[in-house]
Each structure stands twice: as structure tokens, then as C-alpha cells.
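Encoded as C-alpha cells, the structure appears first; notes follow it.
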Amino acid sequence: MTSYRTNVNRWQSLGLGFLTMLLPAMVCADTLRVLSWPGYADADLVKVFEARTGNQVSVTFIDSDEALWERVRQNQGQDFDVFAVNTAELQRYIQADLVSPIDTTQIPNIARQLPRFRQRGSINGLTHNGKVFAVPYTYAEMGLIYDRQQVTTPPTSITALWDPQYRGKVLLYNSSTHNFSLAAQSLGITDPFKLTDNQWPDVVKQLIALRRNAMGFYTGPEESVTLFQKKHAALMLANYGAQQVQLLRSAGADVGYAIPKEGALAWLDTWAITRQTKNLALAHAWINYLLEPEPSQALEMRQGLANTVSEPPYMRPKDRIVWLEPAENSERRQRLWERIYSGDRVSRVMAP
């Protein structure tokens, strides 16, 4: 990701008043350990926060939900204080007792968020037993990116990824959970996140067919840009949405972007605090800081991502997004996806 280029001195003058109130609750010269997706904790953001609080920040980046789960679960979350996680994944961290409830009174910038993000009870997966366990930060819909030279008519449906004319020209995101939901959507299944016993075989067959259409798989946004251009992809499922569109266009690619009629699966990333955090107040201060105007705008301007304090400029009124929800069985999806990815047939994929 590109690094932030903001003026540190201006950040300091804007925030000293608020941080002065928080500092007594913090342990000076402590280190905040952040586990983040690329683009959420760039170097200059970190430097500003360090200058304000007098504490150090150590950032570790991940590129998949599976990698995030393994890093947080290792040592029962003792290696990190705060991490970015989407709402569809959050509940399993709660169930595993890896996260601490959020004290929203320590994050006054929540008041700046759009109403739909302040209504936390209406966001599936954000709360548990009446307690808030994360604060929304950014989101993106999984639209379809297409090469205008190879795809002259913009795709209107998710099923374009299965179109025989694009055999070997489709670039996909390597995620078991998302791909099962995508395949379920393409089959018209009402709830793509809660597959029933009799739906699994059809979804597996659909994913095997999708695997045959794929030219490759990516995890991070930069990798997707490299593969899209190097392999001359015609279509790509954009797990990072408009962020990938921006990166591709900046790299000189002539691409279009479409939201499928079925509705684009959309992830909502949040900041959560580990149960084992060494500095609860500092973790809350980090979340509050990133909801300020300039960090929020930087998500849109630099990363092509939407923030939670202003409406995104690229969505049309008719476009529909489908918020990701916790899957019925993440472990089963991952196990079956590994077999599909390896090229197994239906009988072997579905074997116990």
C-alpha cells in the first residue's frame, strides 16, 4: 500500500486536546500491538498516534481471514492488543473468548459515524449478549472488475464468472468462506451463509465448475493487480471492491466495475480489542483516532475504500449489497475448499 503523506504537525495540533484527557489512563512508553489489513495502519498514521500518546505502535499485516484467525488464536491473543476483523468473522472470536467488550464511552468519535453504523444492534455479528465487541471502520462490496478490451458488455450477473467464454480468464479471491457464499448466490440460494445439508453437494459442484474457469487466485489487493495484468485476466471477483479498481487504473489498466444484480457480497471491517490486551485505554484511543476526519478520508482517497463517516461516491442508488454474515460451518467450508482448490472431484470433495 502507498504510505500516508499527511502533515504530522497539523495532526498534532488538532488532537492534543482530546488525547490530553486520555493520557492519564495510559501507561507511557508502552507498545500498542496492532494486527491489521494493508492500508489500515500506514506508517505516517502510526507516527502521528505515537507522537500524540508518547507510546510505540508495532503493526503486523495479514492478508486473509484464515491467517488472521491463526495469529489471534495463537497464544490466546496474547501477542496483540487490537486487530481489524470483519463482522462475519467476529462471532467466532467472541465465542472463543479472544476479544474484550468495547467501552463506547472511550470512543467519542463514534458520534461522527453514519447512522447505520451507530445502530450497532442492527449490524449482525457486532454485538453479543447486549455488549459491543467491535467498532465499524471500513467496508467494500465484492463487485466484478472486467477488462474493457475483452469484455465489451459490462457483466450484470455473478454467473458471468462461470461463463465458458472466459474459461481460464477469471481471477478469483482465495477464500473458502466467501467462495461458498458466492457459489450459493449464483445458484439462487436465499441464505448463502447458512447452507442446509441438501444444498452442500450442489454448491460444491458449482465451485468445482468455477475452479475450472479460474486462471488463478489472489489474496492481497496488490497481488491481484499484478496477476490481472500479467495474465491478461478478463474478469475478476473484487474482494476489495473499489480499492482494486483504483489500484488497477493507477497501474494503467482499462477496467470497468459492475455490481451484479444478485447483490454484491460486502464485508464490514471493524476494530476489536483482544481479551489479553496490555493497555485497554491505549487500544480504545487507537480506534477513536482512526475515526477522525483525515484518517477516514485517507481510506477513500488512498485505498479506494469506503469509511463509516461519509457516503461512498461510487455506489449507485440501484446497487444492492449483501452484508456478510457468519457461516454455518467455517471449518467445513475451509476443508472442502482445500480439496476443491487441489482439483478433487465431487466424490472426493464430499468424502468424510
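The values are calculated or read from the model by the stated rules, or taken from the named source; none is laboratory data. Note that this is a predicted model, so its numbers are computed, not measured. Here the Cβ is made from the backbone with ideal geometry for all residues, glycine too, and neighbour counts use every protein chain on show. Note: areas computed on protein heavy atoms with side chains; ligands, DNA, RNA excluded. Shrake-Rupley method; radii C 1.70, N 1.55, O 1.52, S 1.80 Å.
Results, tabulated for the structure shown:
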| read-out | value |
| --- | --- |
| 9 Å beta-carbon shell around T31, net charge (K/R +1, D/E -1) | 0 |
| Approximate spin-label separation Q276-A67, in nm, with each point projected 7 Å along Cα-to-Cβ | 2.0 nm |
| Protection-proxy order for peptides 315-321, 252-258, 287-293, 268-274, each taking the mean of Cβ atoms within 10 Å per residue, highest first | 268-274, 287-293, 252-258, 315-321 |
| For the chain, size of Cβ-based charge dipole, Lys and Arg +1, Asp and Glu -1, in debye | 500 debye |
| Accessible surface, per residue, of the chain when the full set of protein chains is kept, probe 1.4 Å, Å² | 42 Å² |
| Label-point gap, in nm, between K261 and K47 - each point 7 angstrom along Cα→Cβ | 5.1 nm |
| Dimensionless Rg over Rh [segment 178-257; C-alpha; Kirkwood] | 1.05 |
| Solvent-free Debye scattering, log10 I(q)/I(0), computed from the Cα coordinates of segment 120-194 at q = 0.11, 0.14, 0.17, 0.24 Å⁻¹ | -0.44, -0.65, -0.84, -1.23 |
| Two-decimal Rg to Rh for the chain - Kirkwood Rh, Cα set | 0.97 |
| Distance in nm between pseudo-label sites at E294 and T153 (7 Å out along the Cβ direction from Cα) | 4.9 nm |
| Shape of segment 216-260, Cα gyration tensor, a/c cut at 1.5 | rounded |
| Heavy-atom accessible area order for D81, D191, D30, D202, largest first, 1.4 Å probe | D202, D191, D30, D81 |
| Estimated FRET transfer efficiency (S342, R112; beta-carbon r; R0 56 Å; 0.05) | 0.75 |
| Prolate/oblate/rounded label for segment 111-150 (Cα gyration tensor, a/c 1.5) | prolate |
| Lysine-lysine proximity count for the chain, Cα under 24 Å, sequence distance 8 or more or distinct chains | 10 |
| Per residue, the convex hull volume that the Cα atoms of segment 225-345 enclose (Å³) | 189 Å³ |
| Extended-chain gain in nm, criterion 0.36 nm per residue less alpha-carbon gap, N129 and T60 | 21.8 nm |
| W267, W162, ranked by accessible area, largest first (probe 1.4 Å) | W162, W267 |
| Distance cut-off 18 Å, percentage of C-alpha pairs in segment 280-332 lying past it | 55 percent |
| All-pairs alpha carbon distance profile, segment 76-171, 10 Å steps from 0, percent | 12, 33, 19, 20, 15, 1 |
| Interchain or long-range residues, amide H under 5 Å from L268's placed H | T87, A88, L324 |
| Convex hull (Cα only) mean projected area of segment 90-136, reported in nm² to one decimal | 3.2 nm² |
| Charge-dipole axis of the chain as Lys and Arg at +1 and Asp and Glu at -1 on Cβ define it, positive-most pick from Q119, G216, S36 | G216 |
| Sparsely packed trypsin sites (Lys or Arg not before Pro) within segment 27-103, loop by DSSP, other Cβ within 10 Å at most 10 | none |
| Per-selection Rg to Rh, segment 159-201 - Cα, Kirkwood hydrodynamic radius | 1.01 |
| Calculated P(r) of segment 19-141 - Cα pairs past 25 Å, % | 28 percent |
| Note, ³J(HN,Hα) from phi for segment 98-114, Karplus 6.51, -1.76, 1.60, rounded to Hz, x at Gly and Pro | 9, 10, 9, x, 8, 8, 5, 5, 8, 10, x, 5, 4, 4, 7, 6, 4 |
| Gain on full stretching of the segment that runs from M350 to E328 - 0.36 nm per residue minus C-alpha separation | 6.3 nm |
| Accessible area of segment 186-325 belonging to carbon and sulfur atoms, whole % at 1.4 Å probe | 50 percent |
| Largest-first ordering by accessible area, 1.4 Å probe, given options M215, M301, M350, M142 | M301, M350, M215, M142 |
